[in-house]
Structures are given as structure tokens and as C-alpha cells.
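Have a look at the structure below, then the notes.
The values are calculated or read from the model by the stated rules, or taken from the named source; none is laboratory data. All values derive from a computational prediction rather than experimental measurement. Cβ sites come from the backbone with ideal geometry, for glycine too, and all protein chains shown count toward neighbours. To get the accessible areas, we keep the full protein, side chains included, count just its heavy atoms, and leave off ligands, DNA and RNA. Shrake-Rupley method; radii C 1.70, N 1.55, O 1.52, S 1.80 Å.
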Amino acid sequence: MASIKDVAAEAGVSVATVSRVLNDHPSVSARARTRVLAAVEALGYRPNAVARSLRTDQTRTLGLVISDVLNPYFTELARAVEEEARALGYSVVIGNADERPDLQDHHVRTLLDRRIDGLLVSPTDGGSPLMLEAARAGTPMVFVDRWIPGVDVPVVRADGRAAVRDLVAHLHGLGHRRLAIIAGPAATTTGRERVEAFGEALGAYGLALPDAYIGRGDFQAESGRRVTEGFLDLPEPPEVVFAADNLMALGALDAIRARGLRVPDDVALAAFDDIRWFVHTDPPVTAIAQPTGELGRAAVRALVDRIEGRPGESVTLPARLVVRRSCGAPGPAQSPVRRSTT
């Protein structure tokens, strides 16, 4: 990727002159402007993606790139972000990556072009050179829910390991021994972390997690349906299907019902990420609930700290297990998941 120094060398001018041209400064001669713009075109330089984020003026606007706007978890996260930003005097522009790295980078580039003051991202994978470049260039940035190892920016996330241990303890206490997981993409930190936590929790009870009981999904309902169909076709199907996000859990539920099977009598079902819909299914779904509202608000506060020259800190909040009836235990009456008001 060409740098501003490459453009300056190609045009035979100083870096300061290139910067003035890119920012439409009137002091640049028409001849120098023409040479710089020709060099930009020849080198394929994209000045607005990162360079224009380095500025002293503010637009009081934050960018938020979420993984999937149709996922209720991210919908609630976006709402909390918008509410907290508004309370602090900022507006929010949202981009939906739809779990696609190319679309994610498109939104990141577009938001930086619009001169946002800072960027919140839930990365779709760990290999975006654009976000690494933006972070190194000094763009105020915070990762929320997911993160990219090696990119030195604050991370605001929930730690679900204790809740996963609680889930496995609950399932073991009900007599379940064959437990399978619909995992998220291995390219995401949450996709890897939830499988690792599940395997470790099973190991504490002397239970194995064979490869046949690990199905890779993509955090979309269709993948949950596909993986669950594969589990049900095994010579020894699992007794429990644990979906690593809510949409894959809904797909799993569809697959179970399509076979004429019943939850939890034939197959138990649990999910990571609680949503309001889970109390209305029959039976209600046992789930691990993240403090979504608190995460969104904490991410905004960390980002505004960085924008305003204060050190933004990483924040890790605990997730919790919500027991309902989908794994075989009659849980207490459950009300819809509420946003925290703290």
C-alpha cells in the first residue's frame, strides 16, 4: 500500500505539499496540485482512509462497525452505543459488516473518509491490515466484543468462561454426557474462545469434546441448522447442542424440530448470547447472557477518552448463565432480558 511519502517522491514535492493538496489548501500552485493528484492516481493511494483521520478539528461523530445488524445482540449493542454517545455530545454513524471482512473494511474506510473522531469496531476476522494501519497512524479506536490480537487499542468485552463452566456444571448435573458445540468462525476471537472454554469445562468433568461434536458455523442461523443436521446424523448423536451465538441456536432449533424431535426430551439446547425471543420459545432456551448495554456504554466512554486525550482503558465484564427449560430442568419463570440502567 502506497504511503504519503511515496506520493511525495513520485510527484517530486514535499510531504507537506501532498498533505496540503489532499486537504484542498489554497496555497498550493496549480502545477504542484496536478503533479500530486497524478501521483495519487498512479500509485493508487487512498488518502482518506487513514491520513485524514489524523487531525485536530472534531466532527463530534463516532463510527461504529458491527458484525451483523440482524443479530439481536449487535442491535442492542448499537442502541447502547448511540444512547451513550448522544449523552456525551456525539453522533454515531453505523456500518453493518454482515460478517464479511471486505464489507467491514469498506465501512471502516468510508467512516474515516467522513472525518469521524473515533472508531468502534467488532471485527469480523483478525486479518485486517486497514485497521492495523489506522491504529498505528493514531486513529482513536476501540474494539468491542471481538478484537484483533496485536492491534494495540482498548478492548471492551465480556468474559464468558465462568458462565460456560456454570453451563457445563448445570448440564452435567442433569445427567448429560454427550455435549456438542456449534462454534463460530475460527478467524474471530469469540469463535475460538468459546470452543476453548467449552472444551476446558468439559475436561474438568472428565468429558471429551471429540471432533465430531465440534461444528463450525458463521454466526448465522443457516449454519446452525446445517451443523445440527450433521450432529443428528451421527451414529451417536449428542444429548446437548450448545450454540455459540443466538442466531445459530435458532437454526439449531429449526433443525431439531424439522426431524420431529423435541427439546429437551430428545435433544437439549443451550446458547451463548441471551435474547428476548428465548423466553417465548417452547421450551424457553437456557442461555449465557452478556451485559450488552454496559459493554456498549463502556466502549463509548473508552473511545471518547482517547479522542479527548485521556488514556482509554480496556474493560472486561462477566457474562452469566440464565437457566430455563431447554436442557431438561424446570427453571423459574423468566422475564425478558432487561437492559441495565447503570
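Quick one: which residue in Val151, Val142 is open to solvent by less than 20 Å² (accessible area, probe 1.4 Å) and part of a loop (DSSP other than H, G, I, E, B)?
Result: Val151 is the single residue among Val151, Val142 that is open to solvent by less than 20 Å² (accessible area, probe 1.4 Å) and part of a loop (DSSP other than H, G, I, E, B).
Condition (residue is open to solvent by less than 80 Å² (accessible area, probe 1.4 Å), within 24 Å of Gly63 (Cα to Cα) and either modelled with pLDDT of 95 or more or polar (S, T, N, Q) (or both)) applied to the range 317-330: is it met by at least one residue?
Yes: one or more hits.
Of everything in the range 122-134 that's crowded, with 21+ Cβ neighbours inside 10 Å and hydrophobic (A, V, I, L, M, F, W, C), which residue is farthest from the chain's Cα centre (by Cα)?
Ala134
With the requirement that a residue be of a type outside the set (Asp, Glu), surrounded by fewer than 24 Cβ atoms within 10 Å (Cβ to Cβ) and over 13 Å from Thr75 (Cβ atoms), what does the range 273-287 give you?
Residues satisfying the conditions are Val279, His280, Thr281, Pro283, Pro284.
Considering the range 222-249 alone, what residues qualify as being more than 16 Å from His176 (Cβ to Cβ), outside any helix (DSSP H, G or I) and in contact with a helix residue (DSSP H, G or I) (Cβ under 6 Å, 6 or more places away or on another chain)?
Ala244
Which ones in the range 197-221 are surrounded by 14 or more Cβ atoms within 10 Å (Cβ to Cβ), assigned to a helix (DSSP H, G or I) and either charged (D, E, K, R) or more than 25 Å from the chain's Cα centre (by Cα) (or both)?
Hits for the range 197-221 are Glu200, Leu202, Ala212.
Any chance you could count how many residues in the range 264-316 are outside any loop (DSSP other than H, G, I, E, B) and under 23 Å from Arg194 (Cβ atoms)? So that I can check it myself, show each step before the final result.
At the first step, the residues of the range 264-316 found to be outside any loop (DSSP other than H, G, I, E, B) are 268-272, 276-279, 286-289, 292-307, 315-316.
Now restrict to residues that are under 23 Å from Arg194 (Cβ atoms): 268-272, 276-279, 286-289, 292-296, 298-299, 315-316.
Going through the range 264-316 one residue at a time, the tally reaches 22.
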